[in-house]
1. Filter the cross-link list Lys111/Lys240; Lys153/Lys215; Lys87/Lys134; Lys153/Lys271 down to pairs whose alpha-carbon distance in this structure exceeds 30 Å.
2. Could you estimate the translational diffusion coefficient of the range 174-232 from the Stokes-Einstein equation, with Rh from the Kirkwood formula over C-alpha pairs, at 37 °C and 0.692 mPa s, in whole µm²/s?
3. With the convex hull built on the Cα atoms of the range 140-276, state its orientation-averaged projected area in nm².
4. For the range 123-276, what is the charge dipole size about the Cα centre, in debye to the nearest 20, if Lys and Arg each add +1 at the Cβ and Asp and Glu each add -1 at the Cβ?
5. Over the residues of the range 60-196, compute the C-alpha Rg and express it relative to 2.2 N^0.38 Å.
6. Report the relative contact order of the range 106-206, percent, no decimals, based on alpha-carbon pairs under 8 angstrom and at least 6 residues apart.
7. Taking one equal scatterer on every alpha-carbon of the range 219-276, how large is log10 of I(q)/I(0) by Debye at q = 0.18, 0.29, 0.31 1/Å?
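All of the numbers you see were taken from the coordinates with simple rules; none came from a lab. Bear in mind the structure is a predicted one, so any value in this text is a computation, not a measurement. Please note: Cβ atoms are built from the backbone with ideal geometry, for glycine as well, and neighbour counts cover all protein chains shown.
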Amino acid sequence: MSLRRSLVHTTLNLSRARSAKPTPSGYSHLQSKKRYFGISSVRMSSTNSTQVESQEPTPADVDTYLTSKILHPSYGNDPTLNEGLTKARENDLPEIQVSPLQGQFLSVLVKSIGAERVLEIGTLGGYSTTFLSKSLPPHGQIDTLELSPHHAKVAQENFLASDLYPFPRIHIGPGLDTLKKLKVPEEGPYDFVFIDANKDQIKDYFIESMRVVRKGGVVVVDNAIRNGKIHPESIADPTKEVQGLRALYDWIEQDDGKTVLSSGIQTVGSKGWECV
């Protein structure tokens, strides 16, 4: 979490209630990816002198379990969330949206600071946008930036199907260019910013976000670990995305707490190894 002298709280990443009735939104998608991440350990148990193999649950299994237990009914019983994921898949959008519990975590953050104005950078099919919008009061405001007109069209259709209020306003165009032109809302700066955009420019997104967020506001950066590849001793060749994230961490280090108070919590689950 970050703090501008103004105190801008920033949480690095995220990088998505109840089943047994209607399938919780996104829950079926988690089930189909149960073994997406994690190394299972195998233990041997003896039953009637017969050795039986059993697997420990993976992080993805635990994600599925938690989703079935703690996803709020307002999300889990909303069929439009699952329908939105289906529409996104049918329109060939990449399946890189937040998980249901990650979406709910965003909701917790938005509600905990009493946010009324939210900015999202990276709309995709509007899945995370829906969680954010549902977390706001009726008089709230949510703006979301999206590069692809095709993605924006799918998201708009999903928003209409969900009957969201406040209704998200989509700004189409290169994210950083749009962000630089974005004016602080007349009602006041944004309370909360969620950055889920290309990581090669993530430092610039972060700095520009501080221009439009209020003192004490929260900025969340998604996918800030890249399965550990951001560590300087990683043997993997650094991609532009990894280099971009390292540049952000370097900037935060050099800022030395003058502008922002930041934190990062590593997470594992159906979306792999990432950071909150």
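1. Values: Lys111/Lys240 34 Å; Lys153/Lys215 33 Å; Lys87/Lys134 20 Å; Lys153/Lys271 25 Å.
From the list (Lys111/Lys240; Lys153/Lys215; Lys87/Lys134; Lys153/Lys271), the Cα-Cα distance tops 30 Å for Lys111/Lys240; Lys153/Lys215.
2. Details: Rh = 12.4 Å.
My calculation gives 264 µm²/s for D.
3. On the way: hull surface 39.0 nm².
Its Cα hull, projected and averaged over all orientations, spans 9.7 nm².
4. Working: 17 positive and 21 negative charges, 29 e Å.
Result for the range 123-276 is approximately 140 debye, rounded to the nearest 20.
5. Values: Rg = 14.4 Å, N = 137, 2.2 N^0.38 = 14.3 Å.
Against the empirical 2.2 N^0.38 Å value, I get 1.01 for the range 60-196.
6. On the way: 170 pairs, mean separation 34.4, N = 101.
With pairs under 8 Å counted, the relative contact order is 34 percent.
7. So the normalised log intensities are -0.65, -1.29, -1.34.
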